[in-house]
Amino acid sequence: MALVRASQYFLPTWKEEPTEAELPSHKLMLRAGMIRKLAAGIYTYLPLARRVLHKIETIIREEMDAIGGMEITMPMVHPAELWAETGRLQEFGPILGHLRDRAGRELVLGPTHEEVITDLARREIRSWRQLPLVFYQIQTKFRDEPRPRGGLVRAREFTMKDGYSFHESQEDLDRFYRKIYQAYLNIFRRCGLSVVVVEADPGLIGGSESHEFMLPNPFGEDSFIQCEHGDYAANLESAVSRKEEDDPAEPLLPLEEVATPDCYTIEAVAQFLGVPPRKTAKAVFYRAGEELVFVVIRGDLEVNEGKLARVLGRADLRPANEEEIARVGAVPGYASPRGIRRDRVKVVVDDSIPKARNLVAGANRAGFHLKNVNFPRDFSADIVADVALAKEGQACPRCGGRLKVQRAMELGHIFKLGTKYSEAMGATFLDREGKSRPLIMGCYGIGVGRLLAAVIEAHHDEEGMIWPVHLAPFEVLVSVLDPKQGALLESGEKLAQALAESGFEVLLDDRDQSAGEKFHDAKLLGIPILVIVGPRAVKQNQVELERRPDGAKFLVAGEPKAVVEKTTELIGAKGQRASTS
RNA sequence: CGGGGCGUGGCGCAGCCUGGAAGCGCACCUGCUUUGGGAGCAGGGGGUCGCUGGUUCAAAUCCAGUCGCCCCGACCA
């Protein structure tokens, strides 16, 4: 039985808008007394938030258990050597929180748990007969993010559901991946959210294939690109767009040097020579460690530095300066892949270039460009790959439809890891042939606090939150307008008791505050059913029920039986309120 | 890390330009009245003006530094 009296509960609501918050979910959680900030990106969760989090976590546990997941809890503090084994001690850089124990041993605060779970696996898994195994935990993570934002949307300390699976074969991982994909869809649907699944970049976690579950939202911390026909959606950081091939019938013309005074930009050259930017080749320089990288890309496209870093396999990419460019024999503004010191530079050619014919490119001579440059006839490359930034308005790689960019919140991310961690850490098993092989792994994350914020983003209005019944911190709010009148308070107590005995989670607002304040708090808290026990109606032995989502009002007899019946009619009986649809 | 903004009772802010007794609204405490959409009257408590240093007879105010927080970008598991 769940009956909570507001007068004895911790419900510190705010009347005024907090200036520190921009996002609706952030503002509302502060105003409703759900969270309080301790430091940038570090929050205390107050009782009201915990109640909702319990329900969200229950949904996650049910869906994870349904596909064979086993809940565990791993430590939050890890020995740094474990992270050194996979090289991520360096890769994560300043995002890792460090500390030392009394003996001076280095420890890190866990930002994710691939190393820890793989350590467990290498100690415990010996045989294919033990597989597959699926573990998960709901636990606090710390990532010293350079810019926390939006309250729980991107916090430094946050709660994450992270899951890890171990398989004897890629096929078995693929089978499980489809299951968890569906489980994730179930979780977000049960939280009342319609997410878009996008192809994603595995990033620092690694692996071959990954998907993100995105909630479109103008305040989101991430962006994705989506085809108007819905057959392609990908995170903006790894999205590809179609690069049209030039007419193969167009003959390859001979190289020709032309004077192009004061044409330092693609726009200037294209205009001067009367060709569209897409018939030009642009040179872009980067520095990766000691290495200079020369990227050649079609003039109308831009370099996606993330893709480039992945193609090169390095994280320390930065734009090169003029001096560095000149050192390899290139002329800034007129740089060309022809005539540079190939021994001093790595040439990366975007895959737009081989598809194009007779391009205008720099001549490596101030004031001159080359016409009719063709790859590979006129220059060579170390790497040919897609390193272009996909943009709004470009063509879908699948169907050629228009691509659209949307801001979104990344709620979940699933990865096929393969053997990245098992190989690095020596987590092997004996397969059916008795051969020792590295475990095949997958990993799966959901930001639980971010999910809470997302639910509020999706379910609120100007006056406050509007909880889906099965996520609401309470199901019914019984508000006694003037609790100093003993008869009124007694009547409210009786109704609240009856509702609680019938299985509803009830908050009894018995605080001695003005009616207006109570009504405003009721809107703010967004509890689905408000039962108003006021002098006016009670005089006629009536109470009023108000439904939060639409404000619909219902007058019923002020007796427990009638109120319980009407409430049941409005939000369903206990068994029917399960969050399973 | 680059750009912008802000630190003054619990919250929201004014005062700073032009140095001279720390103020306003809300909240809080006491009493009385009031109770159907953020009540009224009366009385009251609470702030080393983020911190450090400097200039000055005198600093919330001017100068230098520093810390914290928010927003945009970079980054992002």
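Scanning the stretch A:486-511 for residues that are in a helix (DSSP H, G or I) and either charged (D, E, K, R) or without any contact (Cβ under 8 Å) to a residue 60 or more places away in the chain (or both) yields a count of 9.
Cβ-Cβ contacts under 6 Å between residues 6 or more apart (or on different chains), taken from a first residue in the stretch A:541-559 that is closer than 15 Å to A:Ala498 by Cβ to a second residue that is open to solvent by 30 Å² or more (accessible area, probe 1.4 Å) and modelled with pLDDT of 95 or more, are listed as A:Leu545/A:Phe554; A:Leu545/A:Lys566; A:Val556/A:Lys566. Every condition in (1) in contact (Cβ under 8 Å) with a residue 24 or more places away in the chain; (2) closer than 30 Å to A:Met425 by Cα; (3) open to solvent by 50 Å² or more (accessible area, probe 1.4 Å); (4) away from RNA strand B (no atom under 16 Å from the Cβ) holds for A:Gly68 except the one numbered (3). If I filter the stretch A:165-173 for residues that are out of contact with any His (no Cβ under 6 Å at 6 or more places or on another chain), within 12 Å of RNA strand B (Cβ to nearest atom), small (Gly, Ala, Ser) and assigned to a loop (DSSP other than H, G, I, E, B), do I get at least one hit? No; the residues of the stretch A:165-173 include none that is out of contact with any His (no Cβ under 6 Å at 6 or more places or on another chain), within 12 Å of RNA strand B (Cβ to nearest atom), small (Gly, Ala, Ser) and assigned to a loop (DSSP other than H, G, I, E, B). Only one of these conditions is not met by A:Gly526: (1) more than 8 Å from RNA strand B (Cβ to nearest atom); (2) within 15 Å of A:Val563 (Cβ to Cβ); (3) touching a Phe, Trp or Tyr at 6+ places or on another chain (Cβ under 8 Å). Which number is it? Going through the list (1) more than 8 Å from RNA strand B (Cβ to nearest atom); (2) within 15 Å of A:Val563 (Cβ to Cβ); (3) touching a Phe, Trp or Tyr at 6+ places or on another chain (Cβ under 8 Å), A:Gly526 breaks only (2). Checking A:Met29, A:Met76, A:Met1 one by one, the residue that is hydrophobic (A, V, I, L, M, F, W, C) and either free of Cβ contacts under 8 Å to residues at least 12 places away in the same chain or away from RNA strand B (no atom under 14 Å from the Cβ) (or both) is A:Met1 and no other.
So, A:Tyr264, is that one open to solvent by 30 Å² or more (accessible area, probe 1.4 Å) and touching a residue at least 40 places away in the same chain (Cβ under 8 Å) or not? Spell out how you get there, then give the answer.
Working: open to solvent by 30 Å² or more (accessible area, probe 1.4 Å): yes; touching a residue at least 40 places away in the same chain (Cβ under 8 Å): yes.
Against the criterion (open to solvent by 30 Å² or more (accessible area, probe 1.4 Å) and touching a residue at least 40 places away in the same chain (Cβ under 8 Å)), A:Tyr264 qualifies.
Consider the stretch A:189-203 and keep the residues that are more than 14 Å from RNA strand B (Cβ to nearest atom) and open to solvent by less than 20 Å² (accessible area, probe 1.4 Å). The one that is farthest from the chain's Cα centre (by Cα) is A:Arg190.
Could you tell me whether the stretch A:384-401 includes any residue that is open to solvent by less than 30 Å² (accessible area, probe 1.4 Å) and charged (D, E, K, R)? Among the residues of the stretch A:384-401, not one is open to solvent by less than 30 Å² (accessible area, probe 1.4 Å) and charged (D, E, K, R), which makes the answer no. Within the stretch A:280-306, track down each residue that is over 15 Å from A:Val387 (Cβ atoms) and in a strand (DSSP E or B). Correct list: A:Thr280, A:Arg287, A:Glu291, A:Leu292. Scanning the stretch A:142-156 for residues that are out of contact with any Gly (no Cβ under 6 Å at 6 or more places or on another chain) and crowded, with 20+ Cβ neighbours inside 10 Å yields A:Arg143, A:Gly150, A:Gly151, A:Val153, A:Arg154. The one condition from (1) modelled with pLDDT under 90; (2) more than 21 Å from A:Arg51 (Cα to Cα) that A:Ser581 does not meet is (2). Every condition in (1) at pLDDT below 95; (2) under 25 Å from A:Gly87 (Cβ atoms); (3) assigned to a strand (DSSP E or B) is met by A:Phe224 except one, and the failing one is (2).
Scanning the stretch A:6-26 for residues that are more than 10 Å from RNA strand B (Cβ to nearest atom) and either open to solvent by 20 Å² or more (accessible area, probe 1.4 Å) or in a loop (DSSP other than H, G, I, E, B) (or both) yields A:Ser7, A:Gln8, A:Tyr9, A:Phe10, A:Leu11, A:Pro24.
Which residue out of A:Ile440, A:Ile446 is open to solvent by less than 10 Å² (accessible area, probe 1.4 Å) and not charged (D, E, K, R)?
Working: A:Ile440 fails: open to solvent by less than 10 Å² (accessible area, probe 1.4 Å).
So the residue among A:Ile440, A:Ile446 that is open to solvent by less than 10 Å² (accessible area, probe 1.4 Å) and not charged (D, E, K, R) is A:Ile446.
In the stretch A:347-366, the qualifying residues are those that are under 40 Å from the mean Cα position of the chain (by Cα) and of a type in the set (Gly, Ala, Ser), and the one that is nearest to A:Gly274 (Cα to Cα) is A:Ala361.
Before we move on, is A:Val476 in contact (Cβ under 8 Å) with a residue 24 or more places away in the chain, within 16 Å of RNA strand B (Cβ to nearest atom) and over 23 Å from the mean Cα position of the chain (by Cα)?
yes
So which strands (runs of 3 or more DSSP E) are wholly in the stretch A:527-581 and hold at least 2 residues that are open to solvent by 20 Å² or more (accessible area, probe 1.4 Å)? Those strands (runs of 3 or more DSSP E) span A:542-547, A:553-557. Residue count for the stretch A:502-523 under the criterion of being among the charged types (D, E, K, R), within 35 Å of the chain's Cα centre (by Cα) and more than 6 Å from RNA strand B (Cβ to nearest atom): the result is 1.
The values are calculated or read from the model by the stated rules, or taken from the named source; none is laboratory data. Since this is a predicted model, take the numbers as computed values, not measurements. Heads up, the Cβs are rebuilt from the backbone with ideal geometry, glycines too, and the neighbour counts pull from every protein chain shown. Remember, those area values only see protein heavy atoms, side chains included, never the ligands or the DNA or RNA. Shrake-Rupley method; radii C 1.70, N 1.55, O 1.52, S 1.80 Å.
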